[in-house]
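K.L.:
I'd like to ask some things about the structure below.
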Amino acid sequence: MHVQEWLDTVPPAAVYAVVALVIGLESLGIPLPGEIVLVSAALMSSQHSGINPIVLGACATAGAVIGDSIGYAIGRKGGRPLLAWLGRKFPRHFSEGHVATAERSFEKWGMWAVFFGRFVALLRIFAGPLAGVLHMPYWKFLTANVLGGICWAGGTTAVIYYVGVVAEDWLKRFSYLGLAAAVLIGLTSMLLIKRRAKKVQTEQREAEPVGAGE
């Protein structure tokens, strides 16, 4: 919740780099609060802080696309051992249940899982590496990656910026409302993914004895 206060201490020109870097690392597969940083920066741009929303949206989009592409390359080279390593390093994000849920999404939706995954907190972390591990054709991944990055990063920036412009006086008093909404959306999506992951784990445990008997 102190992200915006911290960004206020960063020179306006450096905010673009911070947003691109955080979103890029998150897209690469490192659990970071990319959405909260983007929302905070977009709020700042609406408050005449010297941050251009168009440049901000472009930097956020570039970070998302480049980060996902690097994640794809790493996942394609590392394969399933990479997922096992990530599971040990980040068990809360890359547990077997989460990976299984993400895999089912990719098997069912293909490139659309990459596109819509951009809008879901945990799937943003999975999309690039998992698409590489599953050997999704790169042209399909890149198409969904670019479109998803533009819609998510550009759309989020535009919505938060225009809300800030229209309700500037109100947001000066309640500037954390946008952050709280972003956190709430992120937590809700995380809980839904976790619930789905637990269900998958339960189904796997129930299926194992049957498989052994057969």
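The numbers here are math on the coordinates, done by the rules we state, and not lab data. The structure displayed is predicted, hence computed values, not measured ones. Don't worry about glycine lacking a Cβ; one is built from the backbone with ideal geometry, like all the others, and counts go over all protein chains shown.
K.L.:
On full extension of the chain, what length is gained from Ala84 through Cys151, given 0.36 nm per residue of separation minus the C-alpha to C-alpha distance?
P.N.:
Roughly 21.0 nm would be gained on extension.
K.L.:
If you don't mind, there's one more thing I want to ask. How far is it, in nm, from the label point at Thr9 to the one at Val159 when both lie 7 Å from their Cα along the line to the Cβ?
P.N.:
Reported label-point gap for Thr9 and Val159 is 3.0 nm.
K.L.:
Place the peptides 21-28, 53-60 in order of packing, highest mean first, counting for every residue the other Cβ atoms within 10 Å and averaging per peptide.
P.N.:
Output ranking for 21-28, 53-60: 21-28, 53-60.
K.L.:
What are the ³J(HN,Hα) values, in whole Hz, obtained from phi via the Karplus relation 6.51 cos²θ - 1.76 cosθ + 1.60 with θ = phi - 60°, for each residue of the stretch 56-68 in sequence order, with x given for Gly and Pro?
P.N.:
4, x, 5, 5, 5, 5, 4, x, 5, 5, 5, x, 5
K.L.:
Ok, one more. Residues with amide H under 5 Å of Ile51's amide H, sequence separation 5 or more or different chain, H placed in the peptide plane at 1.01 Å from N; which?
P.N.:
Amide H to amide H, under 5 Å and 5 or more residues apart or across chains, Ile51 pairs with nothing.
K.L.:
Let me ask something additional. For every other residue with a beta carbon closer than 12 angstrom to the beta carbon of Ala144, add +1 if it is Lys or Arg and -1 if Asp or Glu, then tell me the sum.
P.N.:
Around Ala144, the surrounding residues sum to +1.
K.L.:
Sticking with this structure for a sec: Estimate the FRET efficiency between Leu192 and Lys140 by the formula 1/(1 + (r/R0)^6), using the beta-carbon distance for r and 35 Å for R0, to the nearest 0.05.
P.N.:
E between Leu192 and Lys140, to the nearest 0.05, is 0.85.
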